[in-house]
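In what follows, a structure is listed as structure tokens, so that the remarks can point back to it.
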Amino acid sequence: MAHKTSAWPLALLYVALIVYASLYPFSEWRNQGIEPWIFLVSPLPRYWTGFDVAANALGYLPLGFLLALTALRTGHVRSAIARATLTAGLLSLLMEATQNYLPARVPSNVDFMLNLLGAFVGGLLATALERLGAIDRWSRFRERWFVPDARGGLVLLALWPVALLFPAAVPLGLGQVLERVEEGLAELFQDTPFLDWLPVRDVELQPLVPSAELICVMLGALIPCLLGYCIIRSMVRRGMFVVLVMTVGIGVTALSAALSYGPSHAWAWFSLPVQAGLGAAFASAMLLLPATRRVSAALVLLSLGIYLSLLNQAPTSAYFYQTLQTWEQGQFVRFNGLAQWLGWLWPYAALVYVLARVGRRES
């Protein structure tokens, strides 16, 4: 029997991560005049490290797991491992062949074989968990906790802690993109007539005052709670979810600060406005526990509007800009800057998801 599953959208997101990590930095493309598949019959690399082996095998293991789980939950029980391994293998083959056109990347038949192995092990793991009943227990847990069409919200909530790893200028402040968009457009249209079409601000962006920072922190913690309310069934479970969101938000923000500025600065962000904002978010989330899913969706949209408006009226500091440059070079949490894209885009993805959800209900 086929089931709706969050594994498929998660698998698509993981494919995007693999493409990003395999082809970064997406620059200086060139044709070497050789067949893109020649690496398959090339001699084995003379030099390799244990890290290379682990990274290539473990990097494709989650993809194999998610693809096999998708096959299992959609009724393809017997062919789940084969489907997952073949699909992941085709992706790996395409990525390795494309690396022939990037001077910073080196295609390798060993990498391809390790990718296949990782996907196969991931498929085996998903099948073993299915046979042991772990997937069914998760399905029953999901049915008790969440509405049937919850997978989009679950994917967003699963990505929220990853987005927080990006070192935001305001704690829990995701989606602060105005300055970067302005800089990107100015660079894109440089030496063209379109540069004159760009809107020019009359005044420079000013740092947030403590009260505005408090509101941003409050909304940054409240929005995932309200998003959860759109898909969680009961008040008791919502209350437990709020505690989880607050714990994860504080913990991941501290981890991001420690990775960015050093362990001694892990709690430097935990100022009085931030503490007040977190307290206000917790109190507000508890007061809103009885809200219906429709009211929760409306509050998400309202909160996102205020939140993004306030954040994008503030600049990033010079020190923070240097930190972004370090992140873009992949010095801390790797993924070649992918975490920053999640940090920038997560609120806008949540906005689109809630709008689509409300639109489906009204249609």
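The values are calculated or read from the model by the stated rules, or taken from the named source; none is laboratory data. Predicted model, so just to flag it, every value in this text is computed and none were measured. All Cβ positions, glycine included, derive from the backbone under ideal geometry; neighbour counts span all protein chains shown.
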Requested in this report: Filter the helices (runs of 4 or more DSSP H) completely within the stretch 80-178 down to those with at least 3 residues that are aliphatic (A, V, I, L, M) and closer than 30 Å to R293 by Cβ.
Outcome: 151-164
Query raised in the report: Just one of the numbered conditions (1) surrounded by fewer than 16 Cβ atoms within 10 Å (Cβ to Cβ); (2) under 28 Å from A55 (Cβ atoms); (3) assigned by TED's automatic domain parsing to the domain that holds V19 is not true of A158; which one?
Result: (3)
Report summary line: Scanning the stretch 249-270 residue by residue, the ones that are part of a helix (DSSP H, G or I) and touching a residue at least 12 places away in the same chain (Cβ under 8 Å) total 11
**Report entry** Residue that is surrounded by the fewest Cβ atoms within 10 Å (Cβ to Cβ), among those in the stretch 192-248 that are aliphatic (A, V, I, L, M), at pLDDT 85 or above and not in a helix (DSSP H, G or I)
**Finding:** V209
Query raised in the report: Which residue pairs have Cβ atoms closer than 7 Å, lie 6 or more positions apart in sequence or on different chains, and pair a first residue in the stretch 57-78 that is of a type in the set (V, I, T) with a second residue that is buried (at least 20 other Cβ atoms within 10 Å of the Cβ) and part of a helix (DSSP H, G or I)?
Result: T70/A7; T70/A11
Query raised in the report: Looking at P273, is it modelled with pLDDT of 90 or more and either in contact with a strand residue (DSSP E or B) (Cβ under 9 Å, 6 or more places away or on another chain) or not in a loop (DSSP other than H, G, I, E, B) (or both)?
Result: yes
**Report entry** Number of the condition not met by N100 [criteria: (1) within 24 Å of the chain's Cα centre (by Cα); (2) at pLDDT 80 or above]
**Finding:** (1)
Requested in this report: Residue by residue through the stretch 150-178, note down the ones that are on the phi > 0 side of the Ramachandran plot and aliphatic (A, V, I, L, M).
Outcome: L172
Report summary line: Among A158, A163, A119, the single one that is more than 22 Å from L23 (Cβ to Cβ) and small (G, A, S) is A158
**Report entry** Identity of the residue in the stretch 249-268, of a type in the set (A, V, I, L, M, F, W, C), modelled with pLDDT of 90 or more and under 23 Å from the mean Cα position of the chain (by Cα), that ends up nearest to L342 (Cα to Cα)
**Finding:** V252
Query raised in the report: Got a sec? Which of A258, A283 is touching a His at 6+ places or on another chain (Cβ under 9 Å) and farther than 16 Å from A212 by Cβ?
Result: A258
Report task. Collect the residues in the stretch 164-183 that are within 25 Å of L272 (Cβ to Cβ) and aliphatic (A, V, I, L, M), keeping them in residue-number order. Result -> L164, L165, A168, A169, V170, L172, L174
Query raised in the report: If you go through the stretch 19-28 one residue at a time, do you hit one that is modelled with pLDDT of 85 or more, under 30 Å from G153 (Cα atoms), outside any loop (DSSP other than H, G, I, E, B) and not assigned by TED's automatic domain parsing to the domain that holds V162?
Result: yes
